[in-house]
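Below: the structure, in structure tokens.
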Amino acid sequence: RNRFFKPVVNLLFSLFLLIIIYSGLSSESDLRFHGGVPFATTMIWDLWHPILAFTLIFFGRLWCFACPIGAVGDWAQSCFSLKKKYPDKYRNLWIAVILFIFIFAGERHLFMFTRNPPNTAYLLLFFTFLAVVMGIIYEKRSFCRYICPIGLVLGVFSMVSAIELRCKS
């Protein structure tokens, strides 16, 4: 009910996202060699993923409420937006599915996100940039609805959630 709660949560998570990105960009590219700081990969792949899976069972898509990438897209949209409708022919989940498969297939054979902090940071920057661009061009969190691969997974698995939040009006 407090109108400042969501922006404060988003701001805190956005600051943490910036720390993760900075840490990833300033680390060595392969953690198998000494000298790399695994903060970015630890936070995203070792901590956030298991927490996401655990909270998904009990709270559904609560993460989307706190997501810093979606929040940055919202902030960009509130500053300037063309407010175009997202094209009907792309209003499906195929783009999100392709991105999801690309991330997890690319993990093993191309990018090795889980042991490469700069690649993890670049992935986060890519999605943040995409959210900003889509927020400026399209209306109503189009990135979150149609592009975000995490939102896709959350949407599918949140159907088994014990708790659901809905807007009354």
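Would you confirm whether or not the range 69-80 contains a residue that is aliphatic (A, V, I, L, M) and over 15 Å from residue 143 (Cβ atoms)? Before the answer, list the steps.
Restricting attention to the range 69-80, the residues satisfying the condition of being aliphatic (A, V, I, L, M) are 69, 71-72, 76.
Pick out the ones that are also over 15 Å from residue 143 (Cβ atoms) and you get none.
The answer is no, given that none of the residues of the range 69-80 is aliphatic (A, V, I, L, M) and over 15 Å from residue 143 (Cβ atoms).
As an exercise: evaluate residue 103 against (1) over 22 Å from residue 39 (Cβ atoms); (2) in a helix (DSSP H, G or I) and give the number of the one condition it does not meet.
(1)
Counting just the residues of the range 133-169 that are of a type in the set (Ser, Thr, Tyr) and at pLDDT 80 or above, which one comes out surrounded by the fewest Cβ atoms within 10 Å (Cβ to Cβ)?
Per the stated criteria, the residue is 146.
Scanning for something over 14 Å from the mean Cα position of the chain (by Cα), over 19 Å from residue 151 (Cα atoms) and surrounded by 16 or more Cβ atoms within 10 Å (Cβ to Cβ), does the range 42-63 turn up at least one residue?
Checked against the condition, which is being over 14 Å from the mean Cα position of the chain (by Cα), over 19 Å from residue 151 (Cα atoms) and surrounded by 16 or more Cβ atoms within 10 Å (Cβ to Cβ), the range 42-63 yields at least one hit.
Which residues, counting only those in the range 96-132, are β-branched (Val, Ile, Thr) and either surrounded by fewer than 15 Cβ atoms within 10 Å (Cβ to Cβ) or touching an Asp or Glu at 6+ places or on another chain (Cβ under 6 Å) (or both)? Break it down stepwise before answering.
From the range 96-132, those β-branched (Val, Ile, Thr) are 97-98, 101, 103, 114, 120, 128, 132; that's our starting set.
If the condition is that a residue be β-branched (Val, Ile, Thr) and either surrounded by fewer than 15 Cβ atoms within 10 Å (Cβ to Cβ) or touching an Asp or Glu at 6+ places or on another chain (Cβ under 6 Å) (or both), then 97, 98, 101 are the ones that fit.
If I ask for residues that are closer than 15 Å to residue 144 by Cβ and open to solvent by 80 Å² or more (accessible area, probe 1.4 Å), which ones from the range 76-92 would you list? Let's see the steps before the verdict.
Applying the first criterion (closer than 15 Å to residue 144 by Cβ) to the range 76-92 yields 76-78, 81, 86, 90-92.
Of everything in the range 76-92, those that are closer than 15 Å to residue 144 by Cβ and open to solvent by 80 Å² or more (accessible area, probe 1.4 Å) turn out to be 78, 90, 91.
Within the group 8, 72, 37, which residue is open to solvent by 20 Å² or more (accessible area, probe 1.4 Å), part of a helix (DSSP H, G or I) and either touching a residue at least 60 places away in the same chain (Cβ under 8 Å) or in contact with a strand residue (DSSP E or B) (Cβ under 8 Å, 6 or more places away or on another chain) (or both)?
Numbers: 8 fails: either touching a residue at least 60 places away in the same chain (Cβ under 8 Å) or in contact with a strand residue (DSSP E or B) (Cβ under 8 Å, 6 or more places away or on another chain) (or both); 37 fails: part of a helix (DSSP H, G or I).
Only one candidate passes the filter, namely 72.
Restricting to the range 75-93, give me the number of residues that are in a helix (DSSP H, G or I) and either more than 21 Å from residue 10 (Cβ to Cβ) or of a type outside the set (A, V, I, L, M, F, W, C) (or both). Give the steps one after another, and end with the answer.
First, the residues of the range 75-93 that are in a helix (DSSP H, G or I): 75-79, 88-90.
Cutting the leftovers down to either more than 21 Å from residue 10 (Cβ to Cβ) or of a type outside the set (A, V, I, L, M, F, W, C) (or both) gives us 77-78, 88-90.
Number satisfying all stated conditions: 5.
Residue 96 passes all but one of (1) touching a Pro at 6+ places or on another chain (Cβ under 8 Å); (2) not in a helix (DSSP H, G or I); which number fails?
(2)
The values are calculated or read from the model by the stated rules, or taken from the named source; none is laboratory data. Worth saying up front: this structure is predicted, and the values here are computed from it rather than measured. Note: ideal-geometry Cβ built from the backbone for every residue, glycine included; neighbour counts use all protein chains shown. In case anyone asks, the SASA skips ligands and DNA or RNA and just uses the protein heavy atoms, side chains included. Shrake-Rupley method; radii C 1.70, N 1.55, O 1.52, S 1.80 Å.
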